[in-house]
Amino acid sequence: MGQDMYLLLVSAYQKRGLQREAKALLKQMKKVGLLNTGLSDDATGKHNLCEKTLNSPGKADLAIALAQILEDEDQTIFPLVYNFNSSIFFFCKARMIEDALKAYRRMLSMNVQPTSQTFSFLMRGYSSLGMYREITILWRDIKRFMKSDNLVGNRDLYELLLLNFLRGGYFERVMEVISHMRDHNMYADKWIYKIEFLRLHKNLYRSLKASNTRTEAQSKRLEHVQEFRKWVGID
């Protein structure tokens, strides 16, 4: 993330009246050499790029997300992880998924641990573009961080995974997420997933029998689809 991106975030803070957070971020920028000495605190709030971007259609939601993030943690110095999360949210909202991934990879290279929000923002970005296969790759990262106890999965994250895998037709992943939720004693609203399945995959493998499958992959997929149908109560 370059200076312009950070200045955009500073401007977003100021627009929401979050002066403490804006000053904390400016302090961090100065510390790592990202803030030109010629720019004053007041000048950054009027930075042309920030104003242009924040006033663009569909992009003002960044400020709302920043406020929500701030409610989760009350820190005197705004942690770097939230700066990354804010950037990732902005890029995903603007459907700039490649830039969101660059921010995510930069986050990992700096050993900044992603949070549930990090993955939720990325998933929503992928989902808005119909990139469900990429969410299966993101799921690997989520499992890796959970296995090393660096991430605690919550119900919102699991439900987002479940819906996206269902929409993408990745039923093996669907059942895997359901298993994770079951292991953590998390409630799953089966009715929501039943309606979504009937909307998108109502006739999928409805009359196909295991003995008629042509490949092992098809046989496995049929098994997972049948398992899901049973789970949500579809005959």
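Rule-based calculations on the coordinates, nothing more; no lab input. Note that the coordinates shown come from a computational prediction; the quantities given were computed from them, not determined experimentally. Here Cβ is always computed from backbone atoms with ideal geometry, including for glycine, and neighbour counts include all displayed protein chains.
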Rounded to whole Å, give me the distance from the Cα center of region 76-105 to that of region 158-235.
31
The simple spin-label model distance between Asn154 and Asp183, using points 7 Å out along Cα→Cβ, in nm, is 2.1
Cα gyration tensor category, rounded, prolate or oblate, for region 135-235 with a/c compared to 1.5
prolate
For region 188-196, what does the Karplus curve 6.51 cos²θ - 1.76 cosθ + 1.60, with θ = phi - 60°, yield as ³J(HN,Hα) per residue in whole Hz, taken in order and with x for Gly and Pro?
10, 7, 4, 4, 4, 6, 5, 4, 5
What is the distance, in nm, between label points placed 7 Å from the Cα along the Cα-to-Cβ direction at Arg20 and at Ala217?
5.4
Of the cross-linked pairs Lys23/Lys143; Lys30/Lys102; Lys147/Lys194; Lys30/Lys143; Lys27/Lys102, which ones have a Cα-Cα span greater than 31 Å in the structure shown?
Lys23/Lys143; Lys30/Lys143
Calculate one ³J(HN,Hα) per residue across region 88-104 by plugging θ = phi - 60° into the Karplus curve 6.51 cos²θ - 1.76 cosθ + 1.60, and present them in order as whole Hz with x for glycine and proline.
4, 4, 4, 4, 5, 4, 8, 6, 9, 5, 5, 5, 5, 5, 4, 5, 5
Extension gain, Asp235 back to Leu129 (0.36 nm per residue minus Cα-Cα distance, nm):
34.9 nm
